[in-house]
Amino acid sequence: MQNEQDQDVKLLEVNKATKSRLKRSGWIVLIVAILVVVAGVILRSRQSQLVNQWTQEQAIPVVRVIASQQGSLNHTLVLPGNLQPYIDAPILARVDGYLLRWYHDIGARVKAGELLADIDTPELDHQLDQARADLVSAVAKQNLAEVTAKRWKNLLATDSVSQQDSDEKSANLEARKADVDASKANVGRIQAFEQFKRVVAPFDGVVTARKTDVGALISAGKGTELFNVASIDPLRLYVPVPQSYSNQIKVGVKATLTVPEHTDREFTALLTRTSGSISSGSGTLLVELSVNNKDGLLTPGSYAEVKFDLPENASIQRVPASALILRSAGVQLAVVQSDNHIKLKKVELGRDFGVEVEVLSGIEPTDRIVDSPPDSLEDGDLVKVSNNSTASKAEAEKSGTPPAQAGKKP
């Protein structure tokens, strides 16, 4: 009996120990499970953060930056020009009539005062004859009035006539003298017009147009143009200069020009004057140059290619045309700042060389310029600089940093 009780006690103790072990094992399993879940959540969250970070990094555009190149210190500005006569005058008729004959055709070189044409003016000739006859009549009346005035003055001395009658005769004499003066002036006026029957060249030059022929009716009142004469030595050369170069083009500057018909020759021109204002329509300054044309090789009205040797201008930079951003705000360049954020700078362009363009203002020589920027690039965007960037390599060489690390943030 005692043995059975001892066995029961031992069995209870064993059961208690077993339950205690099972309970501890359950707690351990629960704790392990919780740890596994927590570790899984942490790992999943870390992986999500890494994915997000990778996605954000991939969204940052990688750009290639370059450094601007300094423009040529002494460079040539090539502009179109137009040659014009130094003097260009249309020759019009001053009298009515018919063209009797002409003496020079287009291309003829004439001297000042040389006869170009004769005009037959029968009506004017008759007016002159009438004016001369009127003058003779006026002189005769003056002589008669003079004799009468003297006679009446003598009669007045003997009280044969009244003072009133004598004064009237004297006044009549003065009126006749005025008529003579008027007749002389009329004759002189018509004689002056008679000189215009001879059409002459006003200066040395070339006849560039003949717009009449023998027998043509000449009407002075309608402004009939008979000839056109141009002075072609020297010639005037007009060139529109862009506003950005207007401060470098001064009176006294020399230039060279070529024309299509003489490509193997260069002609020298001297800048004599400027318009002094920028055209609001074209944004250019009109300048005038004088060109010697003694040999007559240059033709008025011709197109010319004009070259100016400009002075030193170290402020001009050159960048590839592929770096330009053309938007509604104007021409811009994307510059990478020290914090790798984009700054869009508006620039003023100069000459276009095709692959490269001149930048007159808007950037600094130390700027890191984005080459071939993406269309979506905006001001303030974060970018990554490519390791093969020209500007990054230049900075690396200056700082001693290996090229592979140039352009990276510390």
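Read-outs throughout are calculated quantities, based only on the coordinates presented, and are distinct from any laboratory measurement. Not measured: the values here are computed from a predicted model. Ideal geometry is used to build each Cβ from the backbone, glycine not excepted, and the neighbour counts take in all protein chains shown.
Remarks
- When +1 charges are put on Lys and Arg Cβ atoms and -1 charges on Asp and Glu Cβ atoms, the dipole computed for segment 122-196 relative to its Cα centre reaches about 280 debye.
- Cβ-Cβ distance of Leu43 and Thr272, R₀ of 60 Å, FRET efficiency by 1/(1 + (r/R0)^6): the value works out to about 0.10.
- Inter-label distance for Val355 and Ser170, nm, one decimal - labels placed 7 Å from Cα along Cα-to-Cβ: 10.4
- Separation of the Val32 and Val62 label points, Cα + 7 Å toward Cβ, nm: 4.6
- Label point at Ser372 placed 7 Å out along Cα→Cβ; residues across segment 323-349 whose backbone nitrogen lies under 17 Å: 323-326, 334
- Separation of alpha-carbon centers, segment 209-271 and segment 27-44, rounded to whole Å: 97
- Listed by Cβ neighbour count within 10 Å, with the fewest neighbours leading, Phe196, Phe267, Phe227 appear as Phe196, Phe267, Phe227.
- Estimated FRET transfer efficiency when R0 is 45 angstrom, pair Arg101-Val136 (beta carbons, to 0.05): 0.85
- Whole-angstrom gap from segment 275-310 to segment 149-177, using each part's C-alpha centre: 75
- Too-long pairs where the Cα-Cα distance tops 22 Å, listed order kept, from Lys141/Lys169; Lys345/Lys384; Lys254/Lys294; Lys254/Lys346: Lys254/Lys346
- Put in line by how crowded their Cβ is, counting other Cβ atoms within 10 Å and starting with the fewest, Phe193, Phe353 read Phe353, Phe193.
- Cβ-based charge dipole, segment 172-311, positive-most Cα from Leu271, Ala175, Ala304: Ala175
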